[in-house]
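This report refers to the structure that appears directly beneath it.
The values are calculated or read from the model by the stated rules, or taken from the named source; none is laboratory data. Bear in mind the structure is a predicted one, so any value in this text is a computation, not a measurement. Because the Cβ atoms are built from the backbone with ideal geometry, glycine has one as well, and the counts that use them run over all protein chains shown. To get the accessible areas, we keep the full protein, side chains included, count just its heavy atoms, and leave off ligands, DNA and RNA. Shrake-Rupley method; radii C 1.70, N 1.55, O 1.52, S 1.80 Å.
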Amino acid sequence: MSDKKDFFDSIDDFFTQLNEKEVSEKIHKGVNTLNKMPDKVNDALKNKGYDNIKEFLQGEFTDKKTQRPTVRPKRLRDFPSRTAFVEDALTNVQYEIKYRGYYKEGHQQALSYVKSILPQYTYDLDRLGKRLKLEIKEIRQTHHKGKDAYTNGYLNGCEFVLKAIHQSKIVLMRQILTEMNMQNA
């Protein structure tokens with residue numbers, strides 16, 4: 001009985017060694033192929049709104065709906081000015097899966113552009129809004145929507161700022177009404 005067991009063990013060892021060599025050769029070929037294509041794969045993933053393959057798998061195989069970044073002030077407090085509200089909104093942006101990659105880069109570029117020019121419009125955010133609307137219009141005329149994730153992110157970043165400007169009016173009006181009600185009470 002021990003002879004049969006030794007014979008079968010030797011056959012198993014032979015196939016294990018054979019499979020290990022074949023598997024290692026296949027893995028080596030696959031790694032070489034992937035090493036040649038990372039730029040194409042990364043570019044495609046970033047264009048779809050992902051930073052890496054893990055996010056892609058997470059995003060594609062979950063039922064969770066994702067949404068574009070929305071204006072959410074970091075803290076619920078009184079803001080000394082509309083500009084303070086907008087600055088707070090620009091610094092507290094969260095990007096869900098499917099809105100990363102080139103989209104996120106474009107979005108962040110728009111936000112950093114606005115941060116750089118915001119001091120010029122401290123007392124007239126409506127003028128900044130008009131400037132952003134003109135920029136959005138120009139970009140839409142020159143680029144085809146839906147083809148370029150970076151441009152879509154940039155456009156959505158500009159629209160994000162427009163929403164923050166609009167909400168800053170509402171927030172400050174509420175603050176004023178609250179103060180007036182407190183004084184009248």
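Please identify the GluC sites (Glu not before Pro) of the stretch 132-175 that satisfy two criteria: DSSP loop assignment and at most 16 other Cβ atoms within 10 Å. Which are they?
Passing both the DSSP loop test and the Cβ count: no residue.
Hydrodynamic analysis of the stretch 65-176 uses the Kirkwood radius over alpha carbon pairs. Inserted into Stokes-Einstein at 10 °C and 1.306 mPa s, it gives a translational diffusion coefficient of 110 µm²/s. Heavy atoms only, probe 1.4 Å: what % of the accessible area of the stretch 112-185 goes to carbon and sulfur, would you let me know? Solvent-exposed carbon and sulfur of the stretch 112-185 make up 56 percent of the total. The trypsin sites (Lys or Arg not before Pro) of the stretch 72-155 meeting both criteria, a DSSP state outside H, G, I, E and B (loop) and at most 12 other C-beta atoms within 10 angstrom of the site's C-beta, are Lys74, Arg75, Arg77, Lys145, Lys147.
Take the stretch 94-185 with all the other protein chains still there, run a 1.4 Å probe, and you get 64 Å² of accessible area per residue.
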